[in-house]
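Take a look at the structure set out below.
The values are calculated or read from the model by the stated rules, or taken from the named source; none is laboratory data. Keep in mind that this is a model prediction, so the values were computed, not measured. In this analysis, Cβ positions are derived from the backbone assuming ideal geometry, glycine residues included, and neighbour counts consider all displayed protein chains. The accessibility values were calculated without ligands, DNA or RNA, using every heavy atom of the protein model including side chains. Shrake-Rupley method; radii C 1.70, N 1.55, O 1.52, S 1.80 Å.
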Amino acid sequence: MDPGYYAACTAMMAQAQSLELVANNLANGSTAGYRAQRSIFRSVLAASSGMPVSELNQATNNFGVLEGSRLDLAQGGLQTTGNQFDFAIEGPGFFAVQTAQGKMFTRNGSFHLSHGQLVTSEGDPVLGQKGIIRVPDGPVTLSGDGTISVDGAVAGKIEVVEFAPDVQLQSVGKTYYSAKSNGTQSTKSVVRQGALESSNVDPVMGAVDLITVQRSTEMMQRALSIFDTQFNRIAAEELPRMG
């Protein structure tokens with residue numbers, strides 16, 4: 001079997017998976033705190049069956065395999081809402097959240113009160129430095145370090161953590177992320193009240209990526225069609241001669 005056929009199949013599968021990532025990014029372009037996911041490709045050389053590999057063979061059979069994805073941690077823009085329970089982070093930090101699956105992290109600061117607890121839009125408790133934050137009724141003010149006060153009395157301090165560059169965050173749902181590390185207290189972040197961080201997806205670049213991936217997928221489909229025609233010709237013309 002021509003190794004180019006395997007190269008085309010694998011490349012098309014990789015492009016199809018990449019297309020899902022790009023489409024998901026565009027679909028969450030208006031989701032507060034969303035972090036875009038970027039495809040990571042690695043180069044693979046199709047096997048040459050022990051034969052010497054020429055430069056032409058390398059150029060023909062060198063193809064991309066989707067190795068995974070990474071989060072784009074670039075800062076999103078801040079949008080003023082005026083809601084006293086909308087919080088946004090300027091800097092690399094993440095809010096810590098207690099979920100049924102364990103401790104998670106988010107940049108989506110669209111919070112509200114539920115039974116006196118500060119919770120996320122999904123209803124999960126927001127964690128403070130001393131556990132779940134309880135907020136009594138009254139006007140709420142927030143300082144840049146995450147300290148919450150009600151009528152001048154401190155109700156708690158939101159836990160804002162950051163991660164070392166080598167810590168990989170895994171997407172869990174739209175705006176939750178998990179990590180093998182609990183991170184460290186953020187010293188480079190400021191929490192803003194009455195604002196939300198918008199998605200860091202660039203809609204223009206997302207549209208360009210979508211077109212690029214679609215075209216690459218179409219190229220691989222044409223290549224497979226050519227191989228299919230070639231195999232059919234061999235089956236119809238060459239195999240009877242061998243018989």
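For K180, the lysines whose Cα falls under 18 Å of its own Cα, not counting residues fewer than eight places away in the same chain, are K103. Taking 17 Å as the straight-line reach from the Cα of K188, the lysines in range (excluding those fewer than 8 positions away in the same chain) are K157.
Backbone phi angles across the range 88-103, fed through the Karplus curve with coefficients 6.51, -1.76 and 1.60 (θ = phi - 60°), yield HN-Hα couplings of 10, 9, 9, x, x, x, 9, 6, 9, 9, 9, 10, 5, 8, x, 6 Hz in residue order; Gly and Pro are listed as x.
The heavy atoms of T80 offer some 130 square angstrom of accessible surface to a 1.4 angstrom probe.
Put a dot 7 Å past the Cα of D166, heading toward its Cβ, do the same for R134, and the two dots end up 4.1 nm apart. With protein chains left intact and a 1.4 Å probe, residues in the range 73-115 average 45 Å² of accessible area per residue.
Mind checking the full-extension length gain between Q79 and L210? Use 0.36 nm per residue of separation minus the Cα-Cα distance, one decimal, nm. So the chain would gain 44.5 nm between Q79 and L210. For the range 81-152, the square roots a ≥ b ≥ c of the C-alpha gyration tensor eigenvalues yield an a/c of 1.5 or more together with a/b not exceeding b/c, which makes the shape oblate. Label reach from N182 (point 7 Å along Cα→C-beta): in the range 128-143, amide nitrogens under 20 Å belong to 128-134. The stretch between S225 and Q17, if pulled fully straight at 0.36 nm per residue, gains 72.9 nm over its current Cα-Cα span. Taking all protein chains as shown and a probe of 1.4 angstrom, V191 keeps an accessible surface of around 10 Å².
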